[in-house]
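One structure below.
The values are calculated or read from the model by the stated rules, or taken from the named source; none is laboratory data. The shown structure was predicted, so the numbers you read here are calculated from the model rather than taken from an experiment. Counting neighbours? That spans all protein chains shown, and the Cβs are built from the backbone with ideal geometry, glycine included.
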Amino acid sequence: MKEEKKKKLSMIVFSGDMDKLFAAFAVATGAAASNMDVTMFFTFWGLRALKKKARTGKSFFGRLLGLFYGGDINRASPSKMSFGGIGRWMFKKMMKAKNVPSLAELRKMAIDLGVKLYGCQMSMAVMEIPKETMIDEVAQCVGVATFIEQAQQSDVTLFI
Amino acid sequence: MKEEKKKKLSMIVFSGDMDKLFAAFAVATGAAASNMDVTMFFTFWGLRALKKKARTGKSFFGRLLGLFYGGDINRASPSKMSFGGIGRWMFKKMMKAKNVPSLAELRKMAIDLGVKLYGCQMSMAVMEIPKETMIDEVAQCVGVATFIEQAQQSDVTLFI
Amino acid sequence: MKEEKKKKLSMIVFSGDMDKLFAAFAVATGAAASNMDVTMFFTFWGLRALKKKARTGKSFFGRLLGLFYGGDINRASPSKMSFGGIGRWMFKKMMKAKNVPSLAELRKMAIDLGVKLYGCQMSMAVMEIPKETMIDEVAQCVGVATFIEQAQQSDVTLFI
């Protein structure tokens with residue numbers, strides 16, 4: 001008896017906005033719960049979703065970036081109505097009121113369901129975010145070729 | 001004689017920006033006109049595309065959101081050069097000058113061509129946008145599992 | 001002996017932001033280097049990636065758009081931390097420090113690897129960006145039906 005091949009979902013997570021990260025992890029956990037094989041590639045602003053609470057940056061520009069766009073997944077602000085942090089606070093309240101999990105909880109669920117998290121090597125180098133400032137659950141830091149390979153075998157691909 | 005299976009397109013419409021909604025509906029109508037089976041899942045800011053002109057929100061935050069991000073599809077502003085509403089007005093003029101349909105007209109075309117419109121239950125709850133404030137053509141309000149199911153059967157998937 | 005069919009990637013490039021264009025061209029060159037058949041459809045703000053350094057626009061609004069969102073691929077600013085041009089300058093420095101190619105170099109690589117570049121007719125008309133203001137390597141200016149056709153045959157589709 002031939003076992004049925006698992007369907008596969010690959011996602012590039014480019015955005016570091018609270019609302020888009022929420023959508024990304026909601027789709028990822030939903031797919032993993034439906035028995036799909038899920039891979040998320042975090043690049044550019046999306047790398048925030050993998051960061052521990054740590055100050056990053058070595059060069060002047062790197063430190064500046066770490067300062068203005070620092071922090072971990074809890075610091076992500078919505079893409080609209082950010083209002084200098086008030087939007088983030090408001091959305092957290094609204095989500096809690098409806099018993100919707102937080103971003104960090106959703107990421108934990110994704111990890112527990114076997115979703116694979118990759119960091120993009122090139123943007124980690126450019127943005128000066130080394131592997132040791134990331135959560136331990138990051139599977140690997142890879143180049144674009146790895147994403148292409150995975151995407152070719154995927155049934156669903158998304159850029160978020 | 002076996003009938004050829006229709007190709008299928010599934011789309012998550014996350015954005016509520018005028019230009020991105022325009023792209024989403026242009027792709028959807030184009031695909032439906034090419035005999036594809038098209039499903040659009042509206043979530044977060046994208047829900048605006050399904051709203052009737054109605055004030056939404058029950059809690060303080062929900063009403064605030066309804067106030068700052070209220071209105072229906074005609075209130076959508078471009079993602080760049082919004083200029084507090086001037087960008088919207090300018091793009092409408094430019095589109096009209098080239099006989100390009102408006103967003104509302106494009107949505108009507110999509111509906112007439114059989115494009116299925118779904119609302120995302122979770123973001124409707126969080127953002128306090130109940131089904132009765134949406135246009136009647138919304139097929140159903142569903143969870144992420146329904147999108148995953150549709151996406152798995154799709155030939156083309158997009159996140160907009 | 002049957003030759004193996006090349007895998008295919010189709011991409012809608014909607015954004016004209018420096019960072020998103022970078023991601024788009026990085027994926028495109030990576031895929032082409034992995035022997036994939038790659039097509040990029042540039043629409044709306046993404047058209048900037050195809051422009052020569054030329055002033056565009058005929059009507060009042062078109063000229064205004066050409067003024068505020070003018071220039072070629074080198075004028076693209078990041079989607080976050082733009083700071084009125086400082087962000088662009090900073091990212092260029094940071095990318096150069098890591099020997100990462102510039103956007104113009106990456107586009108050249110894509111072209112050399114056989115990536116096909118299409119412009120979206122409708123947004124070219126609306127935004128008043130005629131074909132003659134675009135680089136010679138643009139394969140064709142096409143409608144949405146052409147994208148749908150290509151996407152149906154693709155293994156990977158992305159909206160960036």
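Looking at A:A49, A:A23, which one is more than 23 Å from B:G119 (Cβ to Cβ) and either among the small types (G, A, S) or without any contact (Cβ under 8 Å) to a residue 24 or more places away in the chain (or both)? Break it down stepwise before answering.
Values: A:A23 fails: more than 23 Å from B:G119 (Cβ to Cβ).
A:A49 is the lone residue from the list that is more than 23 Å from B:G119 (Cβ to Cβ) and either among the small types (G, A, S) or without any contact (Cβ under 8 Å) to a residue 24 or more places away in the chain (or both).
Restricting to the stretch B:94-123, what's the tally of residues that are touching a strand residue (DSSP E or B) at 6+ places or on another chain (Cβ under 6 Å) and modelled with pLDDT under 95?
The number of residues fulfilling the criteria is 0.
Checking C:V38 against (1) in a loop (DSSP other than H, G, I, E, B); (2) among the β-branched types (V, I, T); (3) closer than 19 Å to A:A145 by Cβ, only one condition comes out false. Which one?
C:V38 satisfies all of (1) in a loop (DSSP other than H, G, I, E, B); (2) among the β-branched types (V, I, T); (3) closer than 19 Å to A:A145 by Cβ except (1).
Which one is surrounded by the fewest Cβ atoms within 10 Å (Cβ to Cβ), of the residues in the stretch C:67-100 that are more than 10 Å from every other protein chain (Cβ to nearest Cβ) and at positive phi?
Checking each candidate, the answer is C:G84.
It is to be established whether one or more residues within the stretch C:46-55 are of a type in the set (A, V, I, L, M) and facing another protein chain (nearest Cβ under 10 Å).
There is no residue in the stretch C:46-55 that is of a type in the set (A, V, I, L, M) and facing another protein chain (nearest Cβ under 10 Å).
Just checking, does the stretch A:112-128 include any residue being facing chain C (nearest Cβ under 10 Å), free of Cβ contacts under 8 Å to residues at least 40 places away in the same chain, crowded, with 17+ Cβ neighbours inside 10 Å and more than 29 Å from C:G87 (Cβ to Cβ)?
No - not one qualifying residue is present in the stretch A:112-128.
In this structure, does C:M36 turn out to be more than 28 Å from C:P130 (Cα to Cα), of a type in the set (A, V, I, L, M) and in contact with a Lys or Arg (Cβ under 7 Å, 6 or more places away or on another chain)? Steps first, answer last, please.
Values: more than 28 Å from C:P130 (Cα to Cα): yes; of a type in the set (A, V, I, L, M): yes; in contact with a Lys or Arg (Cβ under 7 Å, 6 or more places away or on another chain): yes.
Here the answer is yes, as C:M36 does meet what is asked.
Just the residues that are touching a residue at least 40 places away in the same chain (Cβ under 8 Å) and more than 16 Å from A:M134 (Cβ to Cβ), please, taken from the stretch A:64-79. If you could, list the steps in order and put the result at the bottom.
Kept after step one, since they are touching a residue at least 40 places away in the same chain (Cβ under 8 Å), are these residues of the stretch A:64-79: A:65-66, A:69, A:73, A:76-79.
Those that are touching a residue at least 40 places away in the same chain (Cβ under 8 Å) and more than 16 Å from A:M134 (Cβ to Cβ): A:S77, A:P78, A:S79.
With B:A31, B:A24 as the choices, which residue is farther than 25 Å from B:I129 by Cβ, surrounded by 24 or more Cβ atoms within 10 Å (Cβ to Cβ) and not aromatic (F, W, Y)? Even if it seems obvious, please write down each step before you answer.
Values: B:A24 fails: farther than 25 Å from B:I129 by Cβ.
Sole residue among the options that is farther than 25 Å from B:I129 by Cβ, surrounded by 24 or more Cβ atoms within 10 Å (Cβ to Cβ) and not aromatic (F, W, Y): B:A31.
Across the stretch B:131-160, which residue is farthest from the other protein chains (Cβ to nearest Cβ) among those that are assigned to a loop (DSSP other than H, G, I, E, B) and free of Cβ contacts under 8 Å to residues at least 40 places away in the same chain? Please lay out each step first, then the result.
We begin by selecting, within the stretch B:131-160, every residue assigned to a loop (DSSP other than H, G, I, E, B); these are B:135-139, B:143, B:153-155, B:160.
Now drop any that are not free of Cβ contacts under 8 Å to residues at least 40 places away in the same chain, which leaves B:136-137, B:139, B:143.
Numbers: B:D136: 25, B:E137: 22, B:A139: 19, B:G143: 8 Å.
Among those that are assigned to a loop (DSSP other than H, G, I, E, B) and free of Cβ contacts under 8 Å to residues at least 40 places away in the same chain, it is B:D136.
Look through the stretch C:129-160, keep the residues that are among the small types (G, A, S), closer than 30 Å to A:Q153 by Cβ and surrounded by fewer than 17 Cβ atoms within 10 Å (Cβ to Cβ), and return whichever of them is farthest from the chain's Cα centre (by Cα).
Quick first cut of the stretch C:129-160, residues among the small types (G, A, S) only: C:139, C:143, C:145, C:151, C:154.
In the following step, the residues that additionally are closer than 30 Å to A:Q153 by Cβ were identified as C:139, C:145, C:151, C:154.
When the remaining residues are screened for being surrounded by fewer than 17 Cβ atoms within 10 Å (Cβ to Cβ), the result is C:139, C:145.
Working: C:A139: 12, C:A145: 19 Å.
Selected residue: C:A145.
Here's a check for you: in the stretch B:13-35, which residue that is aliphatic (A, V, I, L, M) and more than 7 Å from every other protein chain (Cβ to nearest Cβ) is farthest from B:L67 (Cα to Cα)?
Taking the stretch B:13-35 as the starting set, the residues that turn out to be aliphatic (A, V, I, L, M) are B:13, B:18, B:21, B:23-24, B:26-28, B:31-33.
Add one more test, that the residue is more than 7 Å from every other protein chain (Cβ to nearest Cβ), and what stays is B:13, B:18, B:21, B:24, B:28, B:32-33.
Numbers: B:V13: 22, B:M18: 18, B:L21: 20, B:A24: 25, B:A28: 29, B:A32: 34, B:A33: 36 Å.
Applying the filter and picking the extreme gives B:A33.
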